[in-house]
1. What number, in percent, do you get for the relative contact order of the chain if the mean sequence gap of Cα pairs under 8 Å and at least 6 apart is divided by its residue count?
2. Just to be sure I follow the definition: excluding the sites themselves, where is the longest run in the chain that has none of the GluC sites (Glu not before Pro) in a DSSP loop with at most 16 other Cβ atoms within 10 Å?
3. How long is the gain from residue 271 to residue 258 if the chain were fully straight, where each residue apart is worth 0.36 nm and the alpha carbon distance is subtracted?
4. For the cross-link pairs 24/155; 24/293; 61/124; 24/125; 24/291, which exceed 28 Å when the distance is taken from alpha carbon to alpha carbon?
5. Have a look at region 186-311 and give its Rg and Dmax from the Cα atoms, expressed in angstrom.
6. About the Cα centre, and with charges only on the beta carbon of Lys, Arg (+1) and Asp, Glu (-1), how big is the dipole of region 210-275? Nearest 20 debye, please.
7. Using only Cα atoms, locate the centre of region 124-154 and the centre of region 17-43, then give the distance between them in Å, rounded to an integer.
8. Checking the a/c ratio against 1.5 first, then a/b against b/c, what shape does the Cα gyration tensor give for region 12-205?
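Every number here is computed from the coordinates shown, using simple stated rules; none is lab data. Just so it is clear, the structure is predicted and the values come from calculations on it, not from any experiment. A quick note on method: Cβ atoms are made from the backbone with ideal geometry, for glycine too, and the neighbour counts reach across all protein chains shown.
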Amino acid sequence: MTLVQRTEDVLSMVLVMGITGAGKSYFINKLAGGEVVRTGADLRSCTASCQAVPVNIGRTKVMLVDTPGFDDSGRTDSEILTDISRLLTAQYEAGVSLKGVIYLHRITDVRYQGSSLKALNIFKKICGELALKNVLLVTTRWNEVDEAIGASREKQLREDFWAYMLSNGSTMTRFHGTKDSAMVIASELMSKQTIVLKLQRELVDEGKPLQETAAGGFINENISELKTQYERELRDLDELRKQLQESDRTMKRKFQQDWAREQQMLRRVQEDQERLRRDIATEVRQEIAQKTKKRSGVQKMLPFLPTLLSIIGMFVGIPPGCSNLLTSWLSESDIGESASDFFSDL
Ligand SMILES: Nc1nc2c(ncn2[C@@H]2O[C@H](COP(=O)(O)OP(=O)(O)OP(=O)(O)O)[C@@H](O)[C@H]2O)c(=O)[nH]1
Ligand SMILES: [Mg+2]
């Protein structure tokens with residue numbers, strides 16, 4: 001059950017995912033036609049939380065969602081999954097049409113390993129097999145690689161890392177770094193049927209807490225391993241403490257620093273695990289109900305653009321640089337609300 005009637009035409013959403021530096025924000029800026037979201041030039045993660053950028057793709061009004069990579073240097077996987085889950089629950093409940101997911105990957109990457117593989121695994125678990133036909137696997141930064149080398153990496157992606165997704169209907173394509181190329185890619189999703197991701201079925205239809213979803217369970221396993229590791233290290237430190245001589249001041253100071261650091265890391269993984277126990281669907285439903293109560297009854301029940309936008313805006317940042325397009329969307333919906341009223345209402 002959704003709060004409002006599901007509709008294909010009023011507002012659509014596309015998620016843009018991939019590891020840090022894959023070019024998610026760059027791709028979105030090309031579609032938006034300006035520097036709407038920040039891009040990063042160094043190895044640190046740039047986009048720390050989800051942001052939704054309104055864009056017209058053909059005649060469709062689309063919220064493109066810029067997401068942090070699951071290899072983020074500042075935030076944990078559990079924090080990122082929680083943000084994405086809350087947004088996906090709100091989108092599903094509100095009846096905004098999810099057109100698909102664009103998964104970006106740098107063709108300049110020599111290997112696919114470690115954190116990139118982990119991020120790909122989480123991504124597949126979020127989507128589930130049935131939604132893979134709405135997934136576009138997009139390689140970026142072709143201008144930085146020799147064509148033949150790029151093509152051989154592309155072949156390896158096709159035959160190995162992405163083979164399962166491609167055999168289930170995903171499409172592979174190259175992004176050439178321009179607005180036209182981004183438009184061609186995004187347009188491919190517009191003709192597709194709306195999809196429901198596995199994570200959304202699990203959270204909303206089956207009412208599972210995050211840790212019981214495929215993606216949350218996978219992250220939870222990683223957290224449990226880390227927790228065991230920190231607990232063991234703390235036990236070892238405790239043994240060491242018992243052996244320390246009263247007079248050994250330097251060692252004691254070092255011990256205290258190590259102990260405090262390990263304790264802090266253990267606390268962080270405990271918080272991560274706690275977060276995954278949350279019932280996201282109930283939480284989000286309550287927040288939406290509280291917000292929509294303040295609006296008029298008619299708006300509450302209709303798939304009305306301002307209502308949909310304000311529900312989405314509760315769960316994701318909308319950059320202020322998008323206000324012109326939002327104003328034109330809102331004026332089309334004939335309610336005379338300007339984007340500045342809209343932003344102040346969020
Ligand atoms: N020439 C070119 N540069 C790109 C392309 N994609 C990304 N870049 C550059 O690569 C750097 C990182 O790109 P971002 O768009 O910030 O990467 P991101 O995926 O959003 O990364 P996070 O926000 O950290 O998750 C920026 O300096 C971009 O300008 C591309 O297709 N072509
Ligand atoms: Mg970014």
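1. Numbers: 545 pairs, mean separation 76.7, N = 346.
Across the chain, relative contact order equals 22 percent.
2. Numbers: sites that count: 8, 35, 206, 246.
No qualifying site falls inside 36-205, the longest such stretch.
3. Between residue 271 and residue 258, full extension yields 2.7 nm more.
4. On the way: 24/155 22 Å; 24/293 35 Å; 61/124 26 Å; 24/125 20 Å; 24/291 31 Å.
Those over the limit are 24/293; 24/291.
5. In order Rg, Dmax, the Cα atoms of region 186-311 give 24.0, 76 Å.
6. Details: 13 positive and 15 negative charges, 88 e Å.
It works out to roughly 420 debye.
7. 16 Å
8. On the way: a/c = 1.28, a/b = 1.23, b/c = 1.04.
Rounded is the answer for region 12-205, as its axis ratio a/c remains below 1.5.
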